Amino acid sequence: MRARRLLAGLAAAVALTLAAPAGLGTPGPAAAVDGTPGHGRHPGAVLRHTTLGPVLGVDDHRTTGTWSWLGIPYAEPPVGTLRWKPPVPHHRWHGVRPARTHGEGCIQPGRFFSPSPDGPHYDLEVRDGLRQPVGQEVCLTLNVSRPATARRDLPVVVFVHGGSNVVGYSADPMYDGRTLARETDAVVVTVNYRLGLFGWLAPHRTTGDPVADSGNYGTLDQVAALRFVRDNARAFGGDPDNVTVMGESAGAVNVWALLVSPQARGLVDKAVPMSGGLSTTAPDAARDYADRLARAAAQDAGLDGPDAGARLLRRMPADDLVRLALRHGLDATPAVIADGAVVPRDPYAALAAGAARHVPVLAGNTLEEGKLFGGLIGAHRPSDYDRFTMQYEFDPDRPSPWTVRDLLVDEYLPVDEPGGWDEASAELTDLVFTGIARDSMNAVQGSGNDRVYYYQFAWDNEPPPFDDVYGAVHAIDLPFVFGTFGRTVFSYAFSRQNEPGRLELSGLMQGSLRQFVRTGSPQTRDLGVRWGQWPQSVVLDADDRHAQVSVGRFGSGDF
């Protein structure tokens, strides 16, 4: 079968990585609330003193019941001589730094989950950035949200976005941390980190420093962000000794990597890896990729050999680097390198030996992960540009102008017949997601960890035809966790008709997360079922009116 052959060939590649800017220079004089430089009154609620200097945030207590601080730099911009180097802590600033707008997303080749070409936000123009450089190399910032209360020692949740470790950005409205912070009564942090060839590239010249020579710059960025959180949690009312690291897709791959990384030891107290497992790249494969990229640079310049190309790569503008990778089909960068210094050579052995024995883990998958990746097997009828436009402009409260046939090619229709879309996407789910979820959970539980929990997200109640085309697709649990049902890449799914059920389900999921970050268990009375240890699971679903929670088991046929 064509789909099966393509799936087998693509699974390994997908599994490697698994869906107005803030100024980053030295700020000028302190700005007052009304914008007048040098004078005025700073409201104490959103003026906080970090180890790098004071930041003035956003007071949303009247609208969302939260305070936020956006675009805080945690490391020096990784440009010039700092490109392909471990992150350097940001210098201290003088005066009050405005923290009211998100920092730029990191430079990346535009895809569905990328920022708009005109800034770190989501709009229709995202489609104009598809397969073009978007974002900036000056990007190592994070965002903090917390309830607008006087409470202190709140749990801290640090979220690492997904996007195959190639794309994504913390300002994606799907990751808006305000509702999650309010509903979980926690400090929520979202992080930008270097992506793709900027985040993971084996160096051509070694320095003798194993960490600097690891190639794991994106991983090290996340470690640097966690160190900033540890050092500054109390400034935002958080408890530095209770930090939960949560990530989805490639973000979950990164969470598992942090759990085994000696660089992150003592920085992670609980973990929530969503739709991803422990998955790494061998050093030889990473070096092969780096050589191919360098040879491509040399070839385009009329030179010969990876050494000549490597010198060009260091001098090349970031946008040109992205264009180079796109021209030569090298934009799918191998990520999370098992280098032996930042990530163990045998990460599963490290996990089984107890690297995360004392870290409670709450992991999960959506039931139809593979339905996000129809483009890999030629299942989508429209181009990505047209499909993005269709989904963006779709009104979920009006009858659809399209049928399933408008979105899927005939080869995968009818969707529920043998060889159809349901079967083909289920094979991709099994090949890419199920195995690493099982192996990661078995390894951490086998190490003696007795707080290992798992969920299966089954909500597929989108308006037609998206219920068949996407269903319980990869990443659609994110809006339920964050409570972000506004304009996002998934807004086609959320209608007034399905609102009561999905809001109830979202509330239950946030309630379980609220309990987990405090106690290490997601069990709440409101669930109505007992959340047992892995491989038992809780199945999360809803109809139009009500949430539907049941007990399941991994490998019982749900996937």
Conditions (1) crowded, with 20+ Cβ neighbours inside 10 Å; (2) in contact with a Pro (Cβ under 8 Å, 6 or more places away or on another chain); (3) within 28 Å of N242 (Cβ to Cβ): number failed by A547: (2)
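Give me a count of the residues in region 481-493 that are aromatic (F, W, Y) and surrounded by 24 or more Cβ atoms within 10 Å (Cβ to Cβ). Talk me through it step by step, then tell me what you get.
Our first condition is that a residue be aromatic (F, W, Y); within region 481-493, this holds for 482, 485, 490, 492.
Right, trim to surrounded by 24 or more Cβ atoms within 10 Å (Cβ to Cβ) and you get 482.
Residues flagged as aromatic (F, W, Y) and surrounded by 24 or more Cβ atoms within 10 Å (Cβ to Cβ) within region 481-493 amount to 1.
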Please verify whether region 198-218 includes one or more residues that are surrounded by 24 or more Cβ atoms within 10 Å (Cβ to Cβ), in a loop (DSSP other than H, G, I, E, B) and among the aliphatic types (A, V, I, L, M). yes
Can you tell me which residue among V322, V260, V268 is of a type in the set (V, I, T), closer than 19 Å to L362 by Cα, crowded, with 17+ Cβ neighbours inside 10 Å and touching a strand residue (DSSP E or B) at 6+ places or on another chain (Cβ under 9 Å)? V268
For R194, state whether it is charged (D, E, K, R), buried (at least 18 other Cβ atoms within 10 Å of the Cβ) and in a loop (DSSP other than H, G, I, E, B). yes
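Across region 316-337, what is the total count of residues that are part of a helix (DSSP H, G or I) and either at pLDDT below 95 or of a type in the set (V, I, T) (or both)?
Residues flagged as part of a helix (DSSP H, G or I) and either at pLDDT below 95 or of a type in the set (V, I, T) (or both) within region 316-337 amount to 1.
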Scanning for something of a type outside the set (A, V, I, L, M) and farther than 28 Å from V404 by Cβ, does region 487-497 turn up at least one residue? no
If we keep just the residues of region 350-379 that are out of contact with any Ser or Thr (no Cβ under 8 Å at 6 or more places or on another chain) and surrounded by fewer than 18 Cβ atoms within 10 Å (Cβ to Cβ), which is nearest to P273 (Cα to Cα)? H358
Restrict the check to region 422-431 and report whether at least one residue is more than 30 Å from A271 (Cα to Cα) and crowded, with 23+ Cβ neighbours inside 10 Å. yes
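Conditions (1) closer than 17 Å to S537 by Cβ; (2) in contact with a Leu (Cβ under 7 Å, 6 or more places away or on another chain), marked per residue:
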site	(1), (2)
L407	no, no
D416	no, no
A443	no, yes
N449	yes, no
V452	yes, no
A458	yes, yes
N461	no, no
A472	yes, yes
I476	no, no
Mind counting the residues in region 237-252 that are outside any strand (DSSP E or B) and either modelled with pLDDT under 95 or within 11 Å of G163 (Cα to Cα) (or both)? 4
So, in region 138-173, how many residues would count as being surrounded by 22 or more Cβ atoms within 10 Å (Cβ to Cβ) and outside any strand (DSSP E or B)? 14
Enumerate the strands (runs of 3 or more DSSP E) found wholly within region 51-106, keeping only those where 1 or more residues are farther than 30 Å from R205 by Cα and in contact with an Asp or Glu (Cβ under 7 Å, 6 or more places away or on another chain). 66-73
Within the set of pairs 6+ apart or on separate chains, which have a first residue in region 488-500 that is within 19 Å of R545 (Cα to Cα), a second that is acidic (D, E) and crowded, with 17+ Cβ neighbours inside 10 Å, and C-beta atoms under 6 Å apart? A493/E462
Taking first residues from region 510-533 that are more than 15 Å from V551 (Cβ to Cβ) and at pLDDT 95 or above and second residues anywhere that are surrounded by 15 or more Cβ atoms within 10 Å (Cβ to Cβ) and basic (K, R), the pairs with Cβ under 9 Å that are 6 or more apart or on different chains are F516/K270; V517/K270; G520/K270; G520/R451; S521/R451
Which residue, of S521, S506, S537, is hydroxyl-bearing (S, T, Y) and assigned to a loop (DSSP other than H, G, I, E, B)? S521
With (1) buried (at least 21 other Cβ atoms within 10 Å of the Cβ); (2) out of contact with any Lys or Arg (no Cβ under 6 Å at 6 or more places or on another chain); (3) under 28 Å from L408 (Cβ atoms); (4) hydrophobic (A, V, I, L, M, F, W, C) as the list, and M509 as the residue in question, which single condition is left unmet? (3)
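Could you name every one of the helices (runs of 4 or more DSSP H) located completely within region 378-491 that has at least 1 residues being within 20 Å of L503 (Cβ to Cβ)?
Per the criteria, 466-469, 478-482.
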I'd like the full set of residues that are β-branched (V, I, T) and farther than 15 Å from L70 by Cβ, limited to region 123-178. V126, V134, V138, T149, V156, V157, V158, V160, V166, V167
When you scan region 341-357, how many residues do you find that are closer than 17 Å to V223 by Cβ and among the small types (G, A, S)? 4
Considering only residues that are surrounded by fewer than 21 Cβ atoms within 10 Å (Cβ to Cβ) and among the hydrophobic types (A, V, I, L, M, F, W, C), which ones fall in region 57-83? V58, V79, L82
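The values are calculated or read from the model by the stated rules, or taken from the named source; none is laboratory data. Treat the numbers as computed from the prediction; the structure is a model and nothing was measured. Backbone-built Cβ (ideal geometry, glycine too); neighbour counts: all protein chains shown.
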